[in-house]
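The values are calculated or read from the model by the stated rules, or taken from the named source; none is laboratory data. Please read all numbers here as calculations on a predicted model, not as lab measurements. We place every Cβ from the backbone using ideal geometry, glycine too, and count neighbours over all the protein chains shown. These accessible areas exclude ligands, DNA and RNA; they are computed on the full protein's heavy atoms, side chains included. Shrake-Rupley method; radii C 1.70, N 1.55, O 1.52, S 1.80 Å.
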Amino acid sequence: MTACFAGMCAVSQAQVRINQVAMYPQQQKTAVVEGKVAASKVVIRDAKTGKKVVSPKLLRVATSPWSGKQRTVVDFSRLTTPGSYVVECNGDQLPFEVKENALRDVTKGAIKAFYYQRTGMPIEAKYAGKWARPAGHPDTQVMIHSSAVSPGRPEGTIISSPYGWYDAGDYNKYIVNSAFTIAVMLDSYEQNKAYYDALEVNIPESGNQTADLLDEIMYNLKWMLTMQDPYDGGVYHKLTTPNFEGFVMPSACKQQRYVVQKSVTAAYDFAAVMAQAARIYKDNKDYPHFSAHATSAALAAYNWAENHPNAHYFQDRMNRTFKPAVSTGTYGDFSAKDERFWAATELYLLTHDEVFAQMAEENAPNRFTIPVWGSLATLGSFAWMTNAPEHELAQRSKQQLLVFCDSVISTTATSSFQTPNGNSARDFGWGCLAECFGAGGMALLYAYQQTGNGKYLTAALQNAEYILGRNATGYCYVTGFGSKPTMNPHHRLSAADGIEDPIPGFLAGGPNPGQQDKASNISYPSNQPDESYADVTESYASNEIAINWNGCLVGLFGWLDAVEK
């Protein structure tokens with residue numbers, strides 16, 4: 001965690017916005033000051049001696065397109081010597097570091113966050129320190145919901161569905177979001193295997209022959225395999241209680257847990273990520289039987305989805321017919337075309353069966369979109385570019401990607417925070433820090449991987465630095481990191497454990513001008529798109545955590561650190 005150095009500064013962020021974790025020696029370095037100030041008023045000092053080390057260069061005075069606020073953007077990229085520093089302006093001071101592997105610790109923290117989300121096992125002090133807790137939700141007595149019956153599993157049948165991660169601030173487990181989360185982390189792993197293979201985060205599996213990231217992912221893959229009905233290959237949409245639990249620890253929860261309706265989107269997502277994992281874990285010595293199991297499970301799920309194209313998950317409709325009614329997260333979707341493209345792509349790359357290539361062609365997207373849990377075609381596009389670069393679908397995907405990335409980068413020159421994203425009000429909303437800045441940053445890294453052009457790498461790093469503090473609120477949005485971190489996430493584990501500090505390594509959802517929780521007496525400091533953030537536990541609209549968001553955090557930060565070293 002970044003802190004003041006040598007006791008010389010009392011942190012105030014009324015003026016200065018900067019990456020609060022660390023910066024790479026040879027990369028661009030930017031600070032933003034609230035208001036219009038002369039560049040000479042911004043000083044970079046050595047944190048130990050107080051000596052001035054560099055004078056920043058004025059890039060521009062930027063005006064927010066929606067609030068009209070003026071901000072001064074300065075560059076001090078000439079500072080390349082590793083060390084601890086302070087940026088100072090008009091009496092306000094903020095510490096930062098320059099070092100190799102600048103994002104190594106925060107990447108490890110983001111991976112470790114998944115360990116804290118594990119269900120069904122005690123979280124032990126030797127791995128979790130003060131955040132240790134008893135096991136909760138073993139999920140060995142899960143009931144088949146009336147919406148999920150099959151000839152082999154009538155209503156009320158008890159099944160075992162252990163392992164897996166709690167999805168977000170709640171205690172349920174969802175196939176759709178799990179598939180997306182695993183996929184974006186496997187994407188980053190596939191590009192940077194040596195980096196992740198060497199990265200240890202202190203989890204129970206550390207020290208075996210598998211990367212800790214892959215070990216952690218396997219804990220959730222094992223749960224996902226239990227969510228497939230062995231009688232027909234269909235995949236239950238989620239494992240859930242009828243209602244969200246209160247803000248209590250998992251071991252205090254008492255509601256019956258159910259698997260509910262099989263859905264076409266869950267089946268395709270399951271098929272896609274199992275095929276992807278089967279390919280990546282092939283010949284893995286710690287999980288020698290997984291690849292074969294995942295391959296057969298993926299094919300069965302895909303076939304079920306092909307035979308049930310209209311089995312969308314509409315919770316309100318389900319509740320009108322089946323009981324008990326369910327009110328937890330929906331992850332519903334009106335179209336499965338993007339999931340079908342992704343699944344067909346991954347099954348082709350796994351099996352080389354041209355039937356899947358043809359199916360992918362028929363469902364291919366006509367433009368690039370940032371990947372999110374409900375829009376997954378781009379995951380297929382990434383897979384084509386990485387694993388079959390000469391294929392026509394890969395070439396088309398690459399061109400779509402570059403058009404998108406060039407358009408995004410073109411806005412940086414007039415941006416308020418020297419970032420490619422965050423320059424339109426549309427960039428802010430539920431989970432924007434992951435779904436716009438995080439996944440958008442990964443798209444930029446794919447553009448860098450495809451072209452070697454450093455402008456895409458720099459742009460991806462700029463998105464990361466927005467998350468880490470160079471933004472309108474001055475927060476570092478990752479718990480446990482930075483001098484002004486998120487402290488009160490909407491996260492039952494952090495809120496109910498009696499510990500002041502939240503569990504570290506989680507990404508907050510971020511500014512959300514929809515403010516859907518405002519009716520619950522949440523007090524937002526502003527209505528502006530990039531300032532609509534409340535660091536209070538009750539703010540589920542701006543301050544919840546979620547595995548898909550952390551997946552994007554791992555994917556972006558790990559890839560950046562692997563490339564930058």
Fill in: Percent breakdown of C-alpha pair distances by 5 Å bin, ordered from the shortest bin, for the stretch 238-391
2, 9, 16, 18, 16, 14, 12, 9, 4, 1, 0
Discussion item. Going by amide H atoms built from the backbone, whose H comes under 5 Å of the H on residue 23, apart from near neighbours?
Written reply: 97, 98, 99
Response to the item:
Answer in debye to the nearest 20: the dipole magnitude of the chain about its Cα centre, from +1 Lys/Arg and -1 Asp/Glu charges placed on Cβ, is 1420 debye
Worksheet item: For the peptides 387-400, 429-442, what is the packing order when you average, over each peptide's residues, the other Cβ atoms within 10 Å and list the highest mean first?
Response: 429-442, 387-400
Item to complete: Mind checking which lysines have their Cα closer than 18 Å to the Cα of residue 282? Skip sequence neighbours fewer than 8 apart in that chain.
Response: 193, 222
Worksheet entry | Unit charges at the beta carbon, dipole of the stretch 440-565: most positive-side option, 478, 448, 532 | 448
Worksheet item: Which of 314, 284, 335 sits farthest toward the positive end of the charge dipole of the stretch 203-349, with +1 on the Cβ of Lys and Arg and -1 on the Cβ of Asp and Glu?
Response: 314
Practice prompt. With viscosity set to 1.002 mPa s and temperature to 20 °C, compute the Stokes-Einstein D of the stretch 78-234, Rh being the Kirkwood radius across alpha carbon pairs; µm²/s, no decimals.
Written response: 115 µm²/s
Discussion item. Based on the alpha-carbon set only, what is the convex hull volume of the stretch 418-565 divided per residue, in Å³?
Written reply: 104 Å³
Practice prompt. May I ask you to derive the FRET efficiency for residue 316 and residue 520 from their Cβ-Cβ distance with R0 = 25 Å, giving the value to the nearest 0.05?
Written response: 0.70
Item to complete: When you have a sec, figure out the Kirkwood radius of the stretch 313-416 from all distinct Cα pair distances and drop it here in Å to one decimal?
Response: 15.7 Å
Practice prompt. Determine, from the Cβ-Cβ distance of residue 282 and residue 243 and an R0 of 35 Å, the FRET efficiency 1/(1 + (r/R0)^6), rounded to the nearest 0.05.
Written response: 0.25
Worksheet entry | Size of charge dipole - the stretch 32-80 - debye, nearest 20, with Cβ of Lys, Arg +1 and Asp, Glu -1, no other charges | 140 debye
Worksheet item: Roughly what angle does helix 337-351 make with the longest principal axis of the chain, taking Cα atoms, 0 to 90 degrees, to the nearest 10?
Response: 80 degrees
Item to complete: Quick one: work out the % antiparallel among DSSP beta bridges in the chain, nearest 5.
Response: 85 percent
Worksheet, complete the sentence: Note to self: with every protein chain in place and a 1.4 Å probe, the chain gives an accessible area per residue in Å² of 35 Å²
Response to the item:
Once both label points are put 7 Å beyond Cα along the C-beta direction, the residue 406-residue 99 separation in nm becomes 3.9 nm
Worksheet item: Measuring from label point to label point, each 7 Å out along Cα→Cβ, what is the residue 132 to residue 424 span in nm?
Response: 5.0 nm
Worksheet item: Along the principal axes of its C-alpha atoms, what lengths does the stretch 49-168 span, in descending order and rounded to whole Å?
Response: 72, 43, 24
Discussion item. Quick check on the stretch 498-565: what are the equivalent-ellipsoid semi-axes from the Cα gyration tensor, as sqrt(5λ), descending, whole Å?
Written reply: 27, 15, 10
Response to the item:
Descending packing, highest mean Cβ count within 10 Å first, for 502-509, 201-208, 103-110 is 502-509, 103-110, 201-208
Worksheet item: Treating the beta-carbon of each Lys and Arg as +1 and of each Asp and Glu as -1, no other charges, what is the dipole magnitude of the stretch 311-381 about its Cα centre, to the nearest 20 debye?
Response: 480 debye
Worksheet item: Looking only at Cα atoms, what is the convex hull volume of the stretch 157-239 per residue, in Å³?
Response: 122 Å³
Item to complete: Any chance you could check the Cα centroid distance between the stretch 296-358 and the stretch 406-431 for me, in angstrom?
Response: 33 Å
Discussion item. Regarding the stretch 407-466, what's the average projected area of the Cα-atom convex hull, expressed in nm²?
Written reply: 3.6 nm²
Fill in: Percentage relative contact order, the stretch 246-370, counting C-alpha pairs under 8 Å, at least six apart
29 percent
Worksheet item: Hey, any idea what Rg/Rh is for the chain, computing Rh the Kirkwood way over Cα pairs?
Response: 0.97
Fill in: Cα pair distances of the stretch 275-315 binned at 10 Å [whole percent]
29, 36, 24, 11, 0
Worksheet item: Taking the mean number of other Cβ atoms within 10 Å as a proxy for protection, how do you rank 233-246, 413-426, 458-471 from highest to lowest?
Response: 458-471, 233-246, 413-426
Item to complete: Just name one of 521, 431, 502: the one whose Cα is farthest towards the positive end of the charge dipole of the stretch 423-565 (beta-carbon charges, Lys/Arg +1, Asp/Glu -1).
Response: 431
Discussion item. Leaving out ligands, DNA and RNA, and with a 1.4 Å probe, what % of the accessible surface on the chain is carbon or sulfur?
Written reply: 50 percent
